[in-house]
Amino acid sequence: GRRQERRAARSVRGGIGASSDADCRMRAPSRSSDAHSLFGMASAALAEAISDASRSPASLLGVGSLALVPSPLSARLFKAVAAELSQAAPQPVLPSPPLPLLRLWYGSRHVERLAVSAADDDWAVEVGGCSALPSLSSLDLPGARLTAHGAAHLAAGLRALTHLRIADCHGLGAAGFGVLCGGCLQLVSLQLPNCKIALDAAAVRTMVDRFAGLTALDLGGNLLASAAVPPLCSAPLRLLRVWGSVSGDDAALSLMDSSCLSVLDLGWTGATALGLQCVSLGLGAAPRALRPSVHPLAL
């Protein structure tokens with residue numbers, strides 16, 4: 001009994017798979033490697049428990065039960081479990097990672113970056129409505145299915161956001177754009193590619209006034225009125241993407257006063273070589289990256 005227990009304990013201390021005391025003395029791991037091994041085992045066990053909790057609402061793991069797990073372990077666990085869940089039961093029409101998994105981290109001040117595909121209004125109402133992730137600074141929502149209703153909850157509940165990306169969200173609309181400009185006032189990067197939003201001068205001017213620290217803006221694949229482009233020149237933008245959102249040289253020439261720009265994307269705008277040359281001259285120095293216009297008829 002006890003002699004066998006002591007022998008098993010020596011085997012565990014010597015490393016998994018140790019065959020004898022002599023063997024243990026020859027290749028006994030250091031304390032750091034032993035701790036690393038135990039840490040890995042504990043992390044794997046915790047990840048398995050989280051996976052089970054996310055699949056079973058009746059699990060002992062409750063809302064916010066992992067809020068105190070520190071970074072970067074928190075981020076690794078979340079990513080690993082989310083990948084496992086998506087492989088086990090792929091559901092592309094539902095938000096991924098699923099809400100049951102995200103709920104385990106509610107209240108955490110260690111979750112700063114999050115990417116969720118196919119997020120809808122229900123997702124936004126829950127996550128934003130209860131300010132579930134108070135330290136979230138970067139949010140990426142590819143393939144989102146949000147309306148102005150969901151956008152309003154995100155803007156109201158995620159005040160710490162500095163980077164926001166909502167892609168291919170055709171339900172957002174000008175109303176959703178407006179409510180986003182009413183919150184998230186700490187944004188330095190706003191990306192809304194291919195959201196098909198029709199923006200006039202008043203909407204863009206409001207955005208510029210609200211987001212005083214905005215340095216990166218992607219409005220590619222939207223519909224900017226010609227009068228909506230000049231207000232962008234008063235923002236301290238270093239990166240601007242308006243591919244497919246404006247047309248002709250007039251819109252491009254109105255960006256000549258944007259002295260801070262280092263990256264400008266005018267792809268699929270119909271701007272001519274003469275227009276692009278004028279833009280470069282107007283900026284005082286050629287931007288580090290200037291994507292010229294590509295007209296589909298020229299391919």
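The values are calculated or read from the model by the stated rules, or taken from the named source; none is laboratory data. Quick caveat, the model's predicted, so the values are computed rather than measured. All Cβ positions, even for glycine, are placed from backbone atoms using ideal geometry, and neighbour counts span all protein chains on display. Only protein heavy atoms, including side chains, enter the accessible area calculation; ligands, DNA and RNA are left aside. Shrake-Rupley method; radii C 1.70, N 1.55, O 1.52, S 1.80 Å.
List the extent of the Cα atoms of the range 107-234 along each of their three principal axes, largest first, rounded to whole Å.
Taking max minus min along each principal axis of the Cα atoms, the range 107-234 gives 43, 26, 18 Å.
With label points built 7 Å along Cα→Cβ from the Cα atoms of Ala225 and Ala160, find their separation and express it in nm.
Taking the two extended label points, one gets 3.8 nm.
Which part of the range 207-237 falls in the paramagnetic zone of Asp257, meaning amide N under 12 Å from the point 7 Å along Cα-to-beta-carbon?
229-235
Where does the Debye-calculated log10 I(q)/I(0) of the range 178-217 sit at q = 0.19, 0.24, 0.27, 0.31 Å⁻¹, using only Cα point scatterers of equal weight, no solvent?
These q points yield log10 I(q)/I(0) values of -0.53, -0.85, -1.06, -1.27.
Just how many % of Cα pairs in the range 238-283 lie over 12 Å apart, if you round to the nearest whole percent? Don't skip to the answer; put the middle values down first.
On the way: 571 of 1035 pairs.
Result for the distance tail: 55 percent.
Mind checking the range 93-194 for trypsin sites (Lys or Arg not before Pro) that DSSP puts in a loop (not H, G, I, E or B) and that have at most 16 other Cβ atoms within 10 Å? Walk me through the numbers on the way to the answer.
Values: sites: Arg103, Arg109, Arg113, Arg145, Arg159, Arg165; in loops: Arg109, Arg159.
Within the range 93-194, the qualifying trypsin sites (Lys or Arg not before Pro) (loop, at most 16 other Cβ atoms within 10 Å) are Arg109, Arg159.
Whole number in Å², please: accessible area per residue of the range 174-234, 1.4 Å probe, ligands, DNA and RNA not counted.
Values: 2180 Å² over 61 residues.
Counting only protein heavy atoms, the per-residue value for the range 174-234 is 36 Å².
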